[in-house]
């Protein structure tokens, strides 16, 4: 018997527990995405014997949802950002003319070349993730895993061979997958998985959805020259973000030539000789080459056999967990998108780190979901951290001060691109604490990462004001917004004496 420190039931005291050596592993992880790999590596570094399983990555087929590195590396953040970079050059080349660059010859865009470069990079990262596991002493099994008992996992290999392994702890890190709305002809559409690997660049695209995936792909395809129609049910895209910034993004999409259709959806897709006919709920008919469904993602729990072993799922079939990522079965844990808490890759990494520290590192570690920055990689991008204006008003006990700045970036004054950068700070009027920050404009995600550190440290508006800016830069505007644009009454919730 070996003994290790671990946290029991979230208590503050540390308890020594025995890890039975008759188990094949101290930990077995199902899913080798960002969160699963992080949890496996860190647990192994704490001395645990760790196994992990994941379906093999097939660079051509989109039918197999697998690959070490997970959604972010294989069919999410990384390949999408590569396409965003590729699409951005279209506008940059146009802007270059007013900076003295004589572009006399016709410039062609080679979609297949970019696609191959993207695939090469994914394969490189896939191999890096495998080496990270190997160097940490984690045993990788390529196949589909499912839970068959509180301490047993079954891995089905591609050839159908089933292998069983026992583990003191099981971690579910299977992420999520794109979902399709149930409308006639839905089989004619694609999801973001296929959108990253289209053999031909479409000339006409219809996108259904108003979230970040829909907005990003609209920017990508339009930047590469396609005609893009974007349909979403709400008045503005990006539900859940600050309303003022949502309006900015909508204006920018239209300014870049994207046809925006708010308060509209698709009711039918029909195959035609010229492509796909799209029918809307307003009776419009549009012929297009590609229809992208970007209407949300669902947790990957369907084939895991979780309910059969007593793991509770919510109404969306996400795994229910406590503040330490433990499920209703004490030996089974879950992190990342499969829990549907905050579905971001860095959050899955944080949850994986906290899991390893708590279970194998002898440290009381709970994920902290406050002041997590995020970005929408539209062109130009939107990035935020903290509370939106609407959230701040809802949660505040007092008034809210809103500081905004709208300006033409210095680069645009020469290129003559009519696209303003917008910045925003939301401040508690009584405490002067900065509650939230937003920016839509070039380099917004790079700038917002630094602002996130300030908010995490509890920075006040006075401290922002006392910070010397970098001139000339767009970022300096965050420390030069002296006068509030408006003062908004908060919800004024009754204070309690605790």
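Structure notes:
- Contact order relative to length of segment 380-488, as percent, for alpha carbon pairs under 8 angstrom and 6 or more apart: 34
- Extension gain (nm, one decimal) between residue 103 and residue 394, 0.36 nm per residue minus Cα-Cα: 99.6 nm
- For the pair segment 415-458 and segment 128-150, the centres of their Cα atoms are 40 angstrom apart.
- Put in line by how crowded their Cβ is, counting other Cβ atoms within 10 Å and starting with the fewest, 27, 103, 455 read 103, 455, 27.
- Global geometry of segment 118-221, whether rounded, prolate or oblate, following the gyration tensor of its Cα atoms and the 1.5 cut on a/c: prolate
- Using a simple spin-label model with pseudo-atoms 7 Å out from Cα toward Cβ, residue 180 and residue 194 lie 0.7 nm apart.
- Segment 186-295, relative contact order in percent, only Cα pairs under 8 angstrom and at least six apart counted: 35
- Efficiency of FRET between residue 95 and residue 366 - r from beta-carbon atoms, R0 41 angstrom, step 0.05: 0.30
- Of 115, 387, the sequence from fewest to most neighbouring Cβ atoms within 10 angstrom is 115, 387.
- Counted over segment 186-295, the DSSP beta bridges are approximately 45% antiparallel.
- Förster-model FRET efficiency, 45 Å R0, residue 470 and residue 323, C-beta, rounded to 0.05: 0.70
- Relative contact order (percent, whole number), the chain, Cα cutoff 8 Å, 6+ residue spacing: 15
- Legend: ranking of residues 177, 75, 239, 297 from fewest to most surrounding C-beta atoms inside 10 Å; resulting order 239, 177, 297, 75.
- A full extension of the chain between residue 271 and residue 285 corresponds to an added length of 3.8 nm, given 0.36 nm per residue minus the alpha carbon distance.
- Gyration tensor verdict on segment 186-295 (Cα atoms; rounded if a/c is under 1.5, prolate if a/b is larger than b/c, oblate otherwise): prolate
- Antiparallel content of DSSP bridges confined to the chain, in %, to 5: 65
- The helix-only estimate of mean residue ellipticity at 222 nm for the chain, built from DSSP H runs of length n ≥ 4 each weighted as -39500 (n - 2.57), is -8500 deg cm²/dmol after division by the residue total.
- Mean projected area in nm² (Cα convex hull; one quarter of hull surface) for the chain: 27.3
- Cα gyration tensor category, rounded, prolate or oblate, for segment 380-488 with a/c compared to 1.5: prolate
- Inter-probe distance in nm under a simple model that places probes 7 Å from Cα toward Cβ, at residue 303 and residue 158: 1.4
- Each residue, residue 203 and residue 124, gets one label point 7 Å from its Cα in the Cβ direction; the gap between the two is 3.4 nm.
Bear in mind these aren't lab numbers, they're just calculated from the coordinates by the rules spelled out. As the structure is a prediction and not an experimental result, all values here were calculated from the model. Counting neighbours? That spans all protein chains shown, and the Cβs are built from the backbone with ideal geometry, glycine included.
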